[in-house]
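Sending over a structure as structure tokens; questions will come in a sec.
The values are calculated or read from the model by the stated rules, or taken from the named source; none is laboratory data. Quantities reported herein were computed from a predicted structural model and do not represent experimental measurements. Heads up, the Cβs are rebuilt from the backbone with ideal geometry, glycines too, and the neighbour counts pull from every protein chain shown.
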């Protein structure tokens, strides 16, 4: 009885060990390649699986997640014969686990080497200056070249990114001098443009000032002319009003006698003023005949009055 229990216990242990050895748990986003007697049998997806003891085994394990490969730095020659060191990152993903296992021995190494050769080929077709300006185009060309070959490997190349582009020190010194000269050129252009704009602004200011001054002078002359015209008009009106009143006074009783007296007084007063202001005088021949002069003036007034009537 005890011997049979020992046998049963041994068999149970063996079965448990076999179950442990043959039971397989595949993680999420992974696939295992199973071979039966050295030949491909199946691909196990995520979950719990049990293999046939002694016949089946796990040959390859593949992750279906996106992978990142660091592409080592390498020297590339541009079309203008400048050597530059370039490194990058390659992003790829296993699409078909069976092809990735049997289509190529090491798809990571193959993709890395193909990325380097493709990059050298692309860099060799452009000039040094364009390598800095056209990184996106370079990345896309490398991806296209790798992805075309990687279809037989069961992988998909998602993208390639250039990390650093390092030209020789002599080239970097020349580029630094070129950039310095370019900055000085832009600064000189900006200074000249500023000076040009300043001169334009000053000219515009002087032009507007001259226009404003001329407009002010024009308005001033217009105002002066209008003032003079108004003054002449007022003087003429006053003179006309005075003449009118004189004519009316002459037509009144005693008006002519008063006019005679006024003319005589004015004549004598003005002649006296003339004698005070001048050392030399020309005396009329009929100086004593004031009455004849007054009569002459009054005759003129009378004629004017008759004419108005």
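Please work out if residue 145 is modelled with pLDDT of 85 or more, farther than 20 Å from residue 78 by Cα and outside any strand (DSSP E or B).
no
Report, by residue number, each residue of the stretch 31-51 that is out of contact with any helix residue (DSSP H, G or I) (no Cβ under 7 Å at 6 or more places or on another chain) and more than 20 Å from residue 103 (Cα to Cα).
46, 47, 48, 49
Quick check on my filter: what residues within the stretch 1-30 are more than 60 Å from the chain's Cα centre (by Cα) and under 25 Å from residue 102 (Cα atoms)?
21, 22, 23, 24, 25
Of all residues in the stretch 1-52, how many are part of a strand (DSSP E or B) and either touching a strand residue (DSSP E or B) at 6+ places or on another chain (Cβ under 9 Å) or surrounded by 10 or more Cβ atoms within 10 Å (Cβ to Cβ) (or both)?
Result for the stretch 1-52: 20.
For residue 165, all conditions in the list (1) under 13 Å from residue 78 (Cβ atoms); (2) in contact with a strand residue (DSSP E or B) (Cβ under 9 Å, 6 or more places away or on another chain); (3) part of a helix (DSSP H, G or I) hold save one; what is the number of the exception?
Result: residue 165 passes all but (3).
Inside the stretch 37-56, can you point out the residues that are more than 60 Å from the chain's Cα centre (by Cα) and within 24 Å of residue 95 (Cβ to Cβ)?
Across the stretch 37-56, the qualifying residues are 39, 40, 41, 42, 49.
Could you identify the single residue in 163, 185, 220, 207 that is in contact (Cβ under 8 Å) with a residue 60 or more places away in the chain and surrounded by 10 or more Cβ atoms within 10 Å (Cβ to Cβ)?
Of 163, 185, 220, 207, the one residue that is in contact (Cβ under 8 Å) with a residue 60 or more places away in the chain and surrounded by 10 or more Cβ atoms within 10 Å (Cβ to Cβ) is 163.
Okay, next question. For the stretch 53-64, how many residues meet the condition of being closer than 19 Å to residue 150 by Cβ and surrounded by 15 or more Cβ atoms within 10 Å (Cβ to Cβ)?
Selection size over the stretch 53-64: 3.
Let me ask another. Looking only at the stretch 65-116, which residues are surrounded by fewer than 14 Cβ atoms within 10 Å (Cβ to Cβ) and not in a strand (DSSP E or B)?
The answer is 65, 79, 80, 81, 105, 106, 109, 113.
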